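The values are calculated or read from the model by the stated rules, or taken from the named source; none is laboratory data. Worth saying up front: this structure is predicted, and the values here are computed from it rather than measured. Here the Cβ positions follow ideal geometry from the backbone for every residue, glycine too, while neighbour counts run over all protein chains shown. Just the protein is used for accessible areas: all its heavy atoms, side chains included, with ligands, DNA and RNA removed. Shrake-Rupley method; radii C 1.70, N 1.55, O 1.52, S 1.80 Å.
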Amino acid sequence: MEPQRAILWVSVRLLGALLAAAPALEAAAQWKPEKPVEFVVPVQGGGSLDQAARAVQQIWMDKKLLGVPMSVVNKPGGGQSLSTIYVHQAARDPHRIGMVSSTLLSNQITGSSQLKYTDFTILGQLYTEYVVISVRADASTRSAGDLVAQLKPAPDALSVAVGSARGTTSHFGLALPLKRAGVDVRRLRTVVFPSAPASMTSLLGGHVDVVTGPLTVADPHWRSGKLRIIAITSPQRLSGDYAAIPTWREQGIDAVVSNWRFLVGPPGLTAEHIRFWDDVFRRTVATDEWRKLLDKYSWVDEYLPSREGRRYLEQQDAEQRELLAELGLAK
């Protein structure tokens, strides 16, 4: 066969093979859910993570982004471990995804869970928010300085409420700055509640003295005048009404704690599954409805798709290991 004819023959065969494979490639790239989707959250209804999941659910329904029904599944308990176990059990099933906080990392580091972040398919970071420290409006504690003055000589002088587990971002939001202020945080009288709203209810009922948790949970009670927010873990004051809340830094304690919210799937999801979820969440955070929620709750727009999210969690895992060791919680 002449060289030119041979080249033409090979080119035709290659073109034919590519055309034959095109439908399969297109089908794989266009994977979509084939049954109802479960969006799992590790807290009771009303918590910050639950609010975000239900907001996402509404956007998906209104914009018809999934093409199938979707439900929010609340799986509180075990310091958020029950929800991650539930997601992990659905190996290779892209119809079950979950929202997690830094507890995904700390539970494994502290030994309360065997599941590491690498045991999941990382779908990205949805947003982040900051932690606030609150007391009742009639409390004598009026500032971070007052709190340190009370706890430095007697770390167990006040009861401190934490939502879901020790070693969470909410716990970091208080323990880290107190440690840097010279308080023996291992001796804090810490009371763990199933969720941030539950810890807030205990504070308002006079059962605990201090609550550390998401701004979204404290906000309505702060606005109603029932509690006082004495510090926030942001690097600088937030805008709007929240500009009245002082940071730890400006009160002389250099501590910033970000309360990120990540999206994960079960192990074994394919590149096609990840591509679908990347596209759905990218379209979700671009909606006007999501932007309004960010403004409403002062959530910070730091969306990261799957690839960037995996890199970020690798960095966070290293940082948390160091911090938890410093707090005496690492195993």
Q: May I ask you to list the trypsin sites (Lys or Arg not before Pro) in region 150-240 that are in a DSSP loop and have at most 11 other Cβ atoms within 10 Å of their Cβ?
A: none
**Q.** Carbon plus sulfur fraction of accessible area for the chain, probe 1.4 Å, in percent
**A.** 52
Q. If you stretched the chain out fully between Gln315 and Lys64, how much longer would it get, using 0.36 nm times the residue separation minus the C-alpha to C-alpha distance?
A. 86.9 nm
Q. What is the extension gain from Glu250 to Arg237, computed as 0.36 nm multiplied by their sequence separation minus the C-alpha to C-alpha distance, in nm to one decimal?
A. 3.8 nm
**Q.** Charge dipole of the chain about the Cα centre (unit charges at C-beta), most positive-ward option of Val280, Ser224, Pro197
**A.** Pro197
Q: Return a whole-number percent for the relative contact order of region 144-187, with Cα pairs under 8 Å and 6 or more residues apart as the contact set.
A: 46
Q.
Suppose only helical runs count, i.e. DSSP H with n ≥ 4. What mean residue ellipticity at 222 nm does that imply for the chain under -39500 (n - 2.57) per run, divided by all residues and rounded to the nearest 500 deg cm²/dmol?
A. -13500 deg cm²/dmol
Q: Quick one: check the C-alpha center-to-center distance for region 84-111 versus region 34-78, whole angstrom.
A: 15
Q.
For the chain, what does the relative contact order come out to in percent, with C-alpha contacts under 8 Å and a separation of six or more?
A. 26
Q. Highest mean first, what order results for 45-55, 99-109 on Cβ atoms within 10 Å?
A. 99-109, 45-55
Q: Given a cut-off of 25 Å, name the pairs among Lys35/Lys116; Lys75/Lys292; Lys152/Lys296; Lys35/Lys63; Lys63/Lys296 whose C-alpha atoms lie farther apart than that in the structure shown.
A: Lys35/Lys116; Lys75/Lys292; Lys152/Lys296
(Q) Quick check on packing: order 276-283, 150-157 by the mean number of other C-beta atoms within 10 Å, highest mean leading. (A) 276-283, 150-157
Q) Dipole of region 192-331, Cα-centred, from +1 at each Lys and Arg C-beta and -1 at each Asp and Glu C-beta, to the nearest 20 debye? A) 260
Q | Accessible solvent surface per residue of region 57-117, calculated while the other protein chains remain in place, 1.4 angstrom probe, Å² | A | 41
**Q.** Rough spin-label spacing in nm, given labels placed 7 Å along Cα→Cβ, for Ala157 and Arg275
**A.** 6.1
Q. Calculated FRET efficiency, Asp184 and Glu308, Cβ-Cβ r, R0 30 Å, to nearest 0.05?
A. 0.20
**Q.** Net charge of Cβ neighbours under 12 Å - reference Asp241; Lys, Arg +1; Asp, Glu -1
**A.** +1
Q | Amide H contacts under 5 Å for Ala330, placed H, 5+ residues apart | A | Ala325
Q. With labels modelled as points extended 7 Å from the Cα through the Cβ direction, what inter-label distance (nm, one decimal) is found for Arg54 paired with Gln89?
A. 2.4
